[in-house]
Amino acid sequence: MLIQFSVENFLSFKGESTLNMLATTDVEHKQHLLPNKKKKPILRTAALYGANGSGKSNLLLAISFAQDLIVEGTRPNQRIAVTPFKLDKSCWEAPSRFEFVINYQDTIYTYGFVLDEKEVKEEWLFAIHKVKEGSLFERVTTKDGKIKVEIGPSLAKMNTKKYQFIKFVAQGTRPNSLFLHELYEKNEPRIMPLIDWFRTVLTIIGPNANYRDLIFEAHKNEQFLSFMGNFLKSADTGVDAIVTETMEVDFEKVIPGLPEPVKSKIMNISNGQKILLSAPDGRHFAMMREPNGKLTLLKLKARHQLKDSEGFIDFEIENESDGTRRLLDLLPALLHSKIHEKVFMIDEIDRSMHPLLSTMFLQTYLDDNNCGRGQLIITTHESQLLDRELLRRDEIWFAEKDRDGASHLYSLAEYKVRKDLKLGKGYLDGRFGAIPFLGDLANLQYCLAGE
């Protein structure tokens, strides 16, 4: 689970800003907490509020940037695509800093790096497995461009073959590459759990993101299919069930004019392999080679009941509302967080959805009788979620820009709030900041009139 993330000099963040997922001593909603050995428990949820342009999405972009650099790495001589704070010239040439504190598989990792567009200046990894913190490595780049890596005993003991191998990897690390990624490329087992967290546990869902494996998961998982249908029916979307439809691939009938090289590639996929294809007209096609060798076209459809009849009609998902489609893309986060140790970060969870649907989604996630091991971190404008019956004070966060245009993060736990205060109204009234200050609309109307 994510314990803490800090970022400095990246996008709208100038000074260091930290999202801290450690719980305070508040006694509300204890079922919202995850155990953390003998330390403070970890929050299962964080909801981040703020005006447009306050930095909410930039926080998720910072995490996504670090994730991509760790997992995908860089090519030789490639510029590191880091974007420092632009509103202060002194930050343009200064490095950016990122640090994660993570609890995964009974180990607490502290991993971070400092870099600019040319090179990684610093990098460090520490781990607490039982009680004492141990160093895996510390890396610095000297002024003359030389990379020095101090190998900690938690990674390899001196005068061993493993130590010599790690030293060899360090010597071959490029200035624009993370040492952690190089160890990943060399399949070093000691860091693989941490890599696994960034690859498979951390999942960031943008405002326009689609869950690419939705159709494939629905095709093979009846429980998932049933869960989606029941949720959409309970949400009064007009959908009674979600069903999958399979048919043999007929290119001329389904996708006429498909280029021969693409057609050949699809025809040659092996058993179990999946392909998603987007047509110029916006349609999407999902195909897979079944275990029996048959090439199958998969479709996800929404089932509606006919008026005054016991019959049903199936609609293409593309014909459903934006809100229904948004829910379909988010529902896997609900199911997976109950079963697996996952960290889902959803930007603009309320996009295209009615406030009651956003509330229902969060209530389902936080259901006392169905608590899982996952974490859910969201950005939102939906003030209806600001309810102490739903969230703890330390689960509510705000992003706000100062006079210099720099973003800052802070928690509602920093405020003394009466238990009977309506948080949504208090937020909109500006009691906690992080709201837009609107100009004089009369002047706007005057300008539009051209007078």
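The values are calculated or read from the model by the stated rules, or taken from the named source; none is laboratory data. Small disclaimer: the values here were computed from a predicted structure and weren't measured. Reconstructed Cβ throughout: ideal geometry from the backbone, glycine too, with neighbour counts over all protein chains shown. To get the accessible areas, we keep the full protein, side chains included, count just its heavy atoms, and leave off ligands, DNA and RNA. Shrake-Rupley method; radii C 1.70, N 1.55, O 1.52, S 1.80 Å.
Using the Cβ of residue 79 as centre and a radius below 12 Å, the other residues enclosed give a net charge of -1, where K and R count +1 and D and E count -1. Overall dimensions of the range 119-210, expressed as equivalent-ellipsoid semi-axes from the Cα gyration tensor (√(5λ), whole Å, largest first), are 25, 19, 13.
Judged by the gyration tensor of its Cα atoms, with axes a ≥ b ≥ c, the range 1-59 is prolate; a/c meets the 1.5 cut and a/b is the larger of a/b and b/c. Remark on residue 46: its backbone amide H falls under 5 Å from those of 376, 377, 378, a criterion applied only to residues 5 or more positions apart or on other chains, H modelled at 1.01 Å from N. The orientation-averaged projected area of the convex hull spanned by the Cα atoms of the range 189-276 comes to 9.8 nm². Its DSSP H runs of at least 4 residues, each contributing -39,500 (n - 2.57), put the calculated 222 nm mean residue ellipticity of the chain at -7500 deg cm²/dmol, to the nearest 500.
Size of the range 52-184: Rg and Dmax of its alpha carbons, in Å, are 15.9, 55. In a simple Cβ point-charge model (Lys, Arg +1; Asp, Glu -1; nothing else charged), the range 290-420 has a dipole of about 240 debye relative to its Cα centre.
Here, the range 1-113 is characterised by an Rg to Rh ratio of 1.02, where Rg is the alpha-carbon radius of gyration and Rh the Kirkwood radius. Entry comment: accessible area of the range 12-99 is 49 Å² per residue, from protein heavy atoms only and a probe of 1.4 Å. Here residue 89 is the anchor, and the aspartates and glutamates within straight C-alpha reach of less than 18 Å, apart from those fewer than 8 places off in the same chain, are 8, 16, 116, 117, 402, 404.
Mind jotting down a quarter of the surface of the convex hull over the alpha carbons of the chain, in square nanometres, one decimal? Mind dumping the intermediate values first?
Working: hull surface 121.3 nm².
Mean orientational projected area (the chain, Cα hull): 30.3 nm².
The charge dipole of the chain, taken about its Cα centre with unit charges on the Cβ of Lys, Arg, Asp and Glu (plus for the first two, minus for the last two), comes to roughly 1820 debye.
Residues in the range 6-23 carry Karplus couplings, in order, of 10, 9, 8, 6, 8, 6, 8, 8, 8, x, 5, 10, 10, 9, 10, 9, 6, 6 Hz; the curve used is 6.51 cos²θ - 1.76 cosθ + 1.60 with θ = phi - 60°, and Gly or Pro positions show x. Summing Cβ point charges (Lys, Arg +1; Asp, Glu -1) relative to the Cα centre of the range 1-150 gives a dipole of roughly 280 debye.
When the Cα positions of 127, 237, 80 are compared along the charge dipole of the chain, 127 comes out farthest toward the positive end, with charges on each C-beta of Lys, Arg, Asp and Glu.
Of the heavy-atom accessible surface of the chain (probe 1.4 angstrom), what whole percent is carbon and sulfur?
Reported share for carbon and sulfur atoms: 50 percent.
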